[in-house]
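Okay, so here's the structure we're looking at.
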Amino acid sequence: MSIGEPQHTPPALVTRVLAEKAGLWGKYPPANGSPEFRQAAADWLTWRFKLPVGMIDADKCVLPVAGTREALYLIAQTVISPTADRPVVLLPNPFYQVYVGAAVMAGAEPVFVPGAHGPTSQPDYSTLPEEILARTQLAYLCSPANPQGAVADLDLLKRTVKLARRYGFVLAMDECYSEIWDTIEPAGALEACAALGGSLDNVVVFHSLSKRSSVPGLRSGFVAGDPKVMAAFARLRSYGGAATPLPILAAATALWRDEAHVDENRSLYRAKLDIAQRLLGSRSGFSRPPGGFFLWLAVGDGEKAALALWQQAKIRVLPGKYLARDGVGDRFIRVALVHDLETTEQALTRLAEIL
Ligand SMILES: Cc1ncc(COP(=O)(O)O)c(C=O)c1O
């Protein structure tokens, strides 16, 4: 339970489409993917985030990526100017590790921003000092967040988009858990752009099939947003990015056009949250996450608890300390609810006993 790798059965259509398109393994894939893939992604964004039709130009605003991890890394290489004076990258705290590596390797200073309303909330970058914002070139935000499952509401997203435009930085919005939610469908950064008049300036969003469709091994996602940023990103990726093979693009196209398997997947995560609530809900450190599939449990000393769980119950979880800075994660463990119901029930029963 230490890795966010979905163990649910992948949709059958993946194998079917890969077999149907096997002839395409003999072709080099174009770096910008296929027109069908780009259109499926644009149509999905338009439907999911209630965008005006035509807001997303599939050819100028969408690029396939070999999983969003590489894309979240490479966006920093695209955006950070090597000649700037002490460029800053804003990151949530706690955070997904790739953001830090991306900032450091691009030569920027990572600035870790804790949740505005405590350790299970989202950061509000608009409260940062002028001195930091003036040097900011890139800001990562993740909603629903890994690890704590916090969801950014539309007001926060609008505020952050406006801030990015005022200070001229790019908002890299990691929405790879957007389809794993409990009771309320999370808003997205493009929805905020639509509410602010429809411009995509300064905003790029990252979407993945790894969690939505339980195919982390397919390595397929996309980036969409500001056509100027996307053009620079496409240029960088044409040198150093991994193009997605055409059979995989065909399977991914079919997945973005199907919601039935996503509904089923979401129900399974909800059922696991119900199990967690039943077994752990009475603990003071438990809060049911509104999105994502992690429990972010306050346990006193997260590292000590993780060690005890491994030694005494053979359960592997991640100490929150490894996903945060400045002591923000020390009290927590992160538990990935990625297994089947029976395994989850067994593991959480043992976990509750040990804790
Ligand atoms: C917050 C977050 N962003 C991005 C990713 C990358 O996912 P992928 O590269 O499979 O699209 C992960 C994977 O665990 C994640 O937790």
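Here Asp226 qualifies as touching a strand residue (DSSP E or B) at 6+ places or on another chain (Cβ under 8 Å), acidic (Asp, Glu) and more than 24 Å from Ala22 (Cβ to Cβ).
Which of the residues that make up the stretch 307-327 are in contact (Cβ under 8 Å) with a residue 60 or more places away in the chain and over 20 Å from the mean Cα position of the chain (by Cα)? Selection gives Ile315, Arg316, Asp326.
A single member of Ser143, Ser220 is touching a Ser or Thr at 6+ places or on another chain (Cβ under 7 Å) and surrounded by 24 or more Cβ atoms within 10 Å (Cβ to Cβ), and it is Ser220.
One residue alone among Leu295, Leu273, Leu268 is of a type in the set (A, V, I, L, M), under 16 Å from Leu337 (Cα atoms) and within 16 Å of the ligand (Cβ to nearest atom), and that residue is Leu295. In the stretch 202-258, of all residues being charged (D, E, K, R) and in a helix (DSSP H, G or I), the one that is nearest to Thr136 (Cα to Cα) corresponds to Lys228. Pairs meeting the criteria (first residue in the stretch 65-90 and in the same structural domain as Ala134 (by TED's automatic domain parsing) and over 22 Å from Pro129 (Cα atoms), second residue within 16 Å of the ligand (Cβ to nearest atom) and basic (Lys, Arg), beta carbons under 6 Å, at least 6 apart or on different chains) are Ala66/Arg219; Gly67/Arg219.
The values are calculated or read from the model by the stated rules, or taken from the named source; none is laboratory data. The shown structure was predicted, so the numbers you read here are calculated from the model rather than taken from an experiment. Positions of Cβ are generated from backbone atoms using ideal geometry, with glycine treated the same way; all protein chains shown enter the neighbour counts.
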